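Heads up, the thing below is written out as structure tokens.
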Amino acid sequence: MDIVSDASAFLAVALNEADREWVIEKTSGCGIISPEVLPYEIGNALIAVKRKGRLTDREVLWAFDVAQSIAVRLVSVKIHDALRIATRFNIYAYDAYYVECCLENRLPLMSLDERMCEVARKLGIKVVG
């Protein structure tokens, strides 16, 4: 089975966070698909964590490499349609790209972002849980 995964799941694994094992368990045997923005969002999130003093420069690069080592197929999404979702539900465009990816590919969502999961459910998208 394929699933759409957002950056939060990749970061949980790369940063060895509390949800790491749950993410690995739920994605085991699955093909992972994400919008093309995934590596950029991961990079941005890692810099945000560094700015909070939780990562060193070396750890940022290491965590990015770990995230990049996870097999994922990056796909384009209809940005215009994603922006409609973002404005309708008052969520970030980045979050809407993942929701739109689910809709376009008729796939469930894997995310640790409860607000994104809530929006997905409202749109009839199955949420991995």
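The values are calculated or read from the model by the stated rules, or taken from the named source; none is laboratory data. From a predicted model like this one, the values you see are computed outputs, not experimental measurements. Here Cβ is always computed from backbone atoms with ideal geometry, including for glycine, and neighbour counts include all displayed protein chains.
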Just one of the numbered conditions (1) free of Cβ contacts under 8 Å to residues at least 40 places away in the same chain; (2) over 11 Å from the mean Cα position of the chain (by Cα) is not true of L38; which one?
(2)
Scanning for something of a type in the set (D, E) and in contact (Cβ under 8 Å) with a residue 24 or more places away in the chain, does the stretch 116-124 turn up at least one residue?
no
Enumeration of residues in the stretch 25-46 that are of a type in the set (A, V, I, L, M, F, W, C) and farther than 12 Å from D95 by Cβ:
C30, I32, I33, L38, I42, A45, L46
Return yes when I24 is in contact with a helix residue (DSSP H, G or I) (Cβ under 7 Å, 6 or more places away or on another chain) and either of a type in the set (S, T, Y) or within 20 Å of V60 (Cβ to Cβ) (or both) and no when it is not.
no
Subset of the stretch 42-100 [of a type in the set (S, T, Y) and within 20 Å of M110 (Cβ to Cβ)]
S69, S76, Y92, Y94, Y97, Y98
Members of the stretch 74-95 found to be charged (D, E, K, R) and more than 22 Å from E114 (Cβ to Cβ), listed by number:
K78, D81
Residue satisfying condition, being touching a strand residue (DSSP E or B) at 6+ places or on another chain (Cβ under 7 Å), farther than 15 Å from I3 by Cβ and at pLDDT 95 or above, within set E36, E118:
E36
Which residues, taken from the stretch 98-129, are part of a helix (DSSP H, G or I), of a type in the set (D, E) and surrounded by fewer than 20 Cβ atoms within 10 Å (Cβ to Cβ)?
E104, E114, E118
Which residue is nearest to V99 (Cα to Cα), if the candidates are limited to the stretch 61-83 and must be in contact (Cβ under 8 Å) with a residue 12 or more places away in the chain and out of contact with any helix residue (DSSP H, G or I) (no Cβ under 8 Å at 6 or more places or on another chain)?
S76
Taking the stretch 64-95 and keeping only residues that are under 15 Å from the mean Cα position of the chain (by Cα) and acidic (D, E), one is left with D95
Flag for A7 being small (G, A, S) and free of Cβ contacts under 8 Å to residues at least 24 places away in the same chain
no
